[in-house]
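Some notes on the structure that comes next.
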Amino acid sequence: MNHAQRVGKVANLVIFLGILGIILSILALTISQGLALRGYGFGSIVIGLLMMGLGYGIRYRYKYCLYAAVALFVTLSCSFLLKLFIYHTVYLIMRLVLCSWVSFRLVQSVSSLQMLIATDAFPDRNNRFISLLMRRKQS
């Protein structure tokens, strides 16, 4: 995987998680009490919007957006770790593992983004799901 693909995939991952967080928060505020009890709400909508903004910032090669995304996901990982010590639920383990994995992927892509900035190249914006949908639509 080259530098442009690595940074592009990480940006798409952060954008996807932001959209997912917003959808789950809206469901928690409207119809699902179970999601509301797990901590989704207005705060999660703000975090989801922040994730989306950082993902698009990474996609457009802003290194400070990548650093802020690393800080956000490391903070979320620490928060879930603390909650895991208190509540001991499988759901928190899943969120902790996901945030830790995303943090790891973001840290891996820091050097790739620096290489893209040095060579004046942009991250890969291709999304395999969109291209699959477009192929099916054309058929």
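Only the coordinates and a few stated rules stand behind these numbers; no lab work does. Please read all numbers here as calculations on a predicted model, not as lab measurements. Note: ideal-geometry Cβ built from the backbone for every residue, glycine included; neighbour counts use all protein chains shown.
Below are the figures for this structure:
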quantity	calculated
Residue match in segment 48-68 (condition: surrounded by fewer than 19 Cβ atoms within 10 Å (Cβ to Cβ) and over 22 Å from Ser111 (Cα atoms))	yes
Some residue of segment 38-47 being of a type in the set (D, E, K, R), surrounded by 15 or more Cβ atoms within 10 Å (Cβ to Cβ) and touching a residue at least 24 places away in the same chain (Cβ under 8 Å)	yes
Flag for Leu92 being in a helix (DSSP H, G or I) and buried (at least 17 other Cβ atoms within 10 Å of the Cβ)	yes
Count - residues of segment 64-92 that are within 18 Å of the chain's Cα centre (by Cα) and among the β-branched types (Val, Ile, Thr)	3
Residues that are surrounded by 15 or more Cβ atoms within 10 Å (Cβ to Cβ) and closer than 27 Å to Leu37 by Cα, drawn from segment 95-105	Arg95, Leu96, Leu98, Cys99, Ser100, Val102, Ser103
Residue identified as buried (at least 16 other Cβ atoms within 10 Å of the Cβ) and hydroxyl-bearing (Ser, Thr, Tyr) among Ser32, Ser109, Ser79	Ser109
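A quick yes/no check of all residues on (1) without any contact (Cβ under 8 Å) to a residue 24 or more places away in the chain; (2) outside any helix (DSSP H, G or I); (3) farther than 15 Å from Asn12 by Cβ:
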residue: Leu29; (1), (2), (3): yes, no, yes
residue: Met51; (1), (2), (3): no, no, no
residue: Phe80; (1), (2), (3): yes, no, yes
residue: Val102; (1), (2), (3): no, no, no
residue: Ser109; (1), (2), (3): no, no, no
residue: Pro123; (1), (2), (3): no, yes, no
